[in-house]
Every structure is written in C-alpha cells, then in structure tokens.
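The values are calculated or read from the model by the stated rules, or taken from the named source; none is laboratory data. On a predicted model such as this, the values are computed, not experimentally measured, just so you know. Quick reminder, even Gly has a Cβ in these numbers, built from the backbone with ideal geometry, and neighbours come from all protein chains shown.
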Amino acid sequence: MNSSASEIRDLFDRIAPVYDQLNNGLSLGMHRIWKRMTVKWSEAHPGDTCLDVCCGSGDLAQLLAREVGRTGKVYGVDFSAAQLAIAQQRAKTQPFPLSINWVEADALNLPFEDNYFNAATMGYGLRNVTDIPQCLRELYRVLKPGAKAAILDFHRPTQEWVLAFQQWYLDTIVVPRATAFGLTAEYAYIAPSLERFPTGQQQVELARNAGFTSTVHYRIAAGMMGVLVLTKALK
Ligand SMILES: C[S@@+](CC[C@H](N)C(=O)[O-])C[C@H]1O[C@@H](n2cnc3c(N)ncnc32)[C@H](O)[C@@H]1O
C-alpha cells in the first residue's frame, strides 16, 4: 500500500467512531434513500453472493444482506479495521441475523476469485481510492458475466447555483460540525476530493476501459450525487 493509501486508511480509522452520526446529520438522513437506490440498481436477488466494496460501517452491506436473505451471502470489504469493527458491531444489533462476512482488504487488490459475485455496490468509496481505473478493473474481474455493480458517490454539480449551494453547505455546515468532533482536516478533504473526482461522463469512459460494456451514470440530488451502474457482458 502506498503512503497516500495508508493516509486515507488512517483518516477513516480516526473518523470511524463518529462517522455514522456525522453522516446522518450532514445528509439529513438522505444517504439512506440513495443507498437503497444503489442496492436496487445493483439487481441483487435472494440467494445471491454480493460484494460491498469500501463498506465502511456497513450500511450498504446490510441492505444487500436483506436483499439476498438467508440463502445468500454478502462480503463487506474495507481496509480500515476501525470501520470494520463498527460494521460488525452494528450488524450484530439488527433484529434478524444477516449473512455478512467482513473482510479487511484493499479495493485495488480484492481477495476473491474471478467471476465470483452476482452483484456489487460501493458507497462513497470510488472518490477515495488512490487508483480509480484499478478499482474498476478489480470490480470487473470479480463480477460474474451479466452481473452489475452500482457505485454511489458525491459529485461536483454542473449548475452554478447548485455548485454554490454545495460549497456553502460544505464550508458552513459540514466542516464546522466536524470541527465540533475535532475532525476539521478530516472533513475539509471532501471539497478537494470532489474537484479531483471524474465527472459522470468520465466515469463512464473509465468503466468502459476497465471492460464494462454497459455503463450508465445517473445524476441524483441535482447532480450533487451520482450512481454509476455497470454491467459485465455475458460471454
Ligand atoms: C466515505 S467512507 C464510505 C463508507 C460506506 N460505504 C458508506 O457509504 O457510508 C469510504 C470508505 O472507503 C474505505 N476505503 C478507501 N480506500 C480504500 C481501499 N483502497 N480499499 C478498501 N477500503 C478503502 C475507507 O476506509 C472508508 O471506510
């Protein structure tokens, strides 16, 4: 793992104890709706074996596990041990058992065989990996032919007024709230990460280069969010 990857891992280790609380407050709970949409677009079905990459505290992995049921299996992968510990704890407090394996691993070098998964999700992870093309190639490799990946993330909106709103929200709501938890720098990274993040159209191109034949990018929340839906061709 290179030094910038280990810096990212350390950052997510540090924010793990307050990540869920901040996330709920900062998105006004909306992230739950976007995550449900992402799982729907992944087309996970009962009995499937599914992957949630960059699972963090495990929201998407839990939603996938409900979708696949007792006969299915979900693997939640993250390289932050602190995030995985919280994910494991949260899953245990659910009223019904969830079939999830938590795996500490790098999204750029997934510890799974080729053509293994029926569906995959990733929430707010693609913007954080140090090599987006490699991450997409790994997703492509581990999906079965015909399977889909649905990738949710923040985006820089194209409309001026939405962009101004997003910048205002980050500067006056997000960073000050994070400051209250002693995490100013940890949350100040969001704005520059959005600057660097490829646009929806660029993501579509990168996914095609990784091998995906069907690639669609959906803008949501006035372009402040997006879901990239990728399908691996049937051979
Ligand atoms: C913003 S959090 C998102 C967590 C969760 N998916 C959600 O939607 O709330 C990003 C997560 O990506 C993980 N991450 C970043 N780069 C990674 C990599 N190369 N391999 C594995 N996990 C990674 C971080 O540790 C962090 O838990």
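Screening residue 55 against (1) closer than 16 Å to residue 102 by Cα; (2) within 12 Å of the ligand (Cβ to nearest atom); (3) part of a helix (DSSP H, G or I) leaves a single unmet condition, (3).
When each of 210, 188 is tested for being in contact with an Asp or Glu (Cβ under 9 Å, 6 or more places away or on another chain) and surrounded by 14 or more Cβ atoms within 10 Å (Cβ to Cβ), the lone residue that passes is 210. The single condition among (1) over 18 Å from the mean Cα position of the chain (by Cα); (2) under 18 Å from residue 148 (Cα atoms); (3) aliphatic (A, V, I, L, M) that residue 173 does not meet is (2). Residue 69 meets all of the listed conditions (1) modelled with pLDDT of 95 or more; (2) crowded, with 17+ Cβ neighbours inside 10 Å but one, namely (2). Screening 187, 169 for residues that are within 16 Å of the ligand (Cβ to nearest atom) and farther than 16 Å from residue 50 by Cα leaves exactly one candidate, 187.
Filter segment 90-109 for residues that are outside any strand (DSSP E or B) and within 13 Å of the ligand (Cβ to nearest atom); which is surrounded by the fewest Cβ atoms within 10 Å (Cβ to Cβ)? The residue in question is 109.
Counting the residues of segment 128-155 that are touching a helix residue (DSSP H, G or I) at 6+ places or on another chain (Cβ under 8 Å) and within 11 Å of residue 231 (Cβ to Cβ) gives 4. Answer yes if at least one residue in segment 111-129 is touching a residue at least 12 places away in the same chain (Cβ under 8 Å), more than 13 Å from the ligand (Cβ to nearest atom) and crowded, with 23+ Cβ neighbours inside 10 Å, and no otherwise. Yes; the residues of segment 111-129 include at least one that is touching a residue at least 12 places away in the same chain (Cβ under 8 Å), more than 13 Å from the ligand (Cβ to nearest atom) and crowded, with 23+ Cβ neighbours inside 10 Å. Looking only at segment 95-123, residues that are out of contact with any helix residue (DSSP H, G or I) (no Cβ under 7 Å at 6 or more places or on another chain) and modelled with pLDDT under 95 come to 3 in all. Mind listing whichever residues of segment 163-192 are of a type outside the set (A, V, I, L, M, F, W, C) and within 17 Å of residue 221 (Cα to Cα)? Passing the criteria: 166, 167, 169. Of everything in segment 138-155 that's assigned to a helix (DSSP H, G or I) and within 13 Å of the ligand (Cβ to nearest atom), which residue is nearest to residue 233 (Cα to Cα)? Only one residue fits best here, namely 139.
Does segment 58-65 include one or more residues that are more than 9 Å from the ligand (Cβ to nearest atom), touching a strand residue (DSSP E or B) at 6+ places or on another chain (Cβ under 6 Å), outside any loop (DSSP other than H, G, I, E, B) and without any contact (Cβ under 8 Å) to a residue 40 or more places away in the chain? Checking segment 58-65: at least one residue is more than 9 Å from the ligand (Cβ to nearest atom), touching a strand residue (DSSP E or B) at 6+ places or on another chain (Cβ under 6 Å), outside any loop (DSSP other than H, G, I, E, B) and without any contact (Cβ under 8 Å) to a residue 40 or more places away in the chain.
Output yes when any residue across segment 14-29 is away from the ligand (no atom under 11 Å from the Cβ), over 19 Å from residue 122 (Cβ atoms) and of a type in the set (S, T, N, Q), and no when none is. Scanning segment 14-29 turns up at least one residue that is away from the ligand (no atom under 11 Å from the Cβ), over 19 Å from residue 122 (Cβ atoms) and of a type in the set (S, T, N, Q). Restricting attention to segment 178-219, the residues that are farther than 30 Å from residue 18 by Cβ, under 19 Å from the mean Cα position of the chain (by Cα) and either at pLDDT below 95 or assigned to a loop (DSSP other than H, G, I, E, B) (or both) total 2.
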